[in-house]
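Take a look at the structure set out below.
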Amino acid sequence: MSTNITQNQIPAPTVPDWEPPMPPTDLIFDDGEPLESNRHRIAMNVLIRSLQQAWSDRNDYFVGGNMFIYYSRTQARNRDFRGPDFFAVLNVEGIRSRQGWVVWDEEGRYPDVIVELMSPSTRNVDIGEKKNLYEGIFKTRDYFVFDPFDPNSLQGWRLDMNFRYQPLVANEQGWLWCETLGFWLGTSDGTIDRETASWLRFYDREGNLVFLPEEAERQRADAESQRADAERQRAERLAARLRELGEDPQEL
């Protein structure tokens with residue numbers, strides 16, 4: 001890793017002067033622009049749904065994607081910033097419905113983790129303007145970028161003690177560690193929603209893939225089937241042994 005700083009060692013950032021004297025009441029939560037491609041849409045949902053599956057027993061976080069994040073009067077007035085493709089905020093009320101993330105309605109809380117799904121047309125903005133915004137204003141602890149059409153495009157940064165982004169170093173598998181979430185981010189080849197690609201996925205500390213809900217259900221079904229097969233084979237072996245001893249398994 002590029003730094004040994006843990007989340008607890010990073011002091012809580014001072015909240016910028018984000019709260020307007022009179023919060024706008026005419027906020028727009030849909031910019032009317034689709035994601036770059038169907039693959040971008042799937043990639044966003046994969047990250048959101050797999051984190052929700054991993055933390056299905058928790059209600060102390062919010063995860064969203066392609067939603068506006070309102071943080072200043074100027075930004076709200078200009079309508080000039082579309083929300084991150086994926087973001088997570090920890091230690092907040094997670095079950096409350098939100099159209100977007102309005103900082104002054106969330107006690108000044110900004111996203112703790114952001115992932116932008118790049119394309120050739122957005123790459124420079126994602127690793128330039130947006131990266132500077134997430135570092136300087138949002139103070140987002142972990143920031144990642146990934147192009148769903150380029151499996152070698154994953155990059156990530158983490159705030160250091162001086163609230164400056166330091167690049168993360170990949171492990172042998174090419175994964176990057178997200179300290180805030182406690183998961184690795186790496187690619188996994190497969191077909192999701194009828195599209196085959198190298199998807200950006202979460203992995204746990206032991207390197208196990210964090211499943212989508214349907215993948216977790218298939219795993220449970222497979223495990224149950226294997227248990228049933230093992231029980232049937234055990235019963236067949238026992239019956240064969242009883243017959244060798246001259247006993248009738250049906251009578252027993």
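The values are calculated or read from the model by the stated rules, or taken from the named source; none is laboratory data. Just so it is clear, the model here is predicted, and its values are computed rather than measured. With ideal geometry, Cβ positions are generated from the backbone for all residues, glycine too; neighbour counts draw on all protein chains shown.
Worth a mention:
- You will find that of R201, R194, R158, the residue that is surrounded by fewer than 16 Cβ atoms within 10 Å (Cβ to Cβ) and not aromatic (F, W, Y) is R194 and no other.
- Flag for E215 being part of a strand (DSSP E or B), in contact with a helix residue (DSSP H, G or I) (Cβ under 9 Å, 6 or more places away or on another chain) and among the acidic types (D, E): no
- Y143 fulfils the conditions (1) surrounded by 22 or more Cβ atoms within 10 Å (Cβ to Cβ); (2) farther than 22 Å from S198 by Cα except for a single criterion, (2).
- Only one of V115, V103, V89, V63 that is aliphatic (A, V, I, L, M), buried (at least 16 other Cβ atoms within 10 Å of the Cβ), in contact with a strand residue (DSSP E or B) (Cβ under 8 Å, 6 or more places away or on another chain) and more than 21 Å from W177 (Cβ to Cβ): V103
- With respect to (1) of a type in the set (S, T, Y); (2) surrounded by fewer than 17 Cβ atoms within 10 Å (Cβ to Cβ); (3) closer than 27 Å to T187 by Cα, the lone exception for Y110 is condition (2).
- The set of residues in the stretch 161-178 being out of contact with any Cys (no Cβ under 9 Å at 6 or more places or on another chain) and crowded, with 21+ Cβ neighbours inside 10 Å consists of L176, W177, C178.
- Residue tally, condition closer than 28 Å to T191 by Cβ and touching a Pro at 6+ places or on another chain (Cβ under 9 Å), over the stretch 113-148: 7
- Within the stretch 113-121, at least one residue is hydroxyl-bearing (S, T, Y) and over 15 Å from F68 (Cβ atoms).
- Restricting N162, N152 to residues that are assigned by TED's automatic domain parsing to the domain that holds L90 and part of a loop (DSSP other than H, G, I, E, B) narrows the list to N162.
- Scanning the stretch 177-208 for residues that are over 20 Å from I114 (Cα atoms) and in contact with a strand residue (DSSP E or B) (Cβ under 9 Å, 6 or more places away or on another chain) turns up D189, G190, T191, I192, T196, A197, G207.
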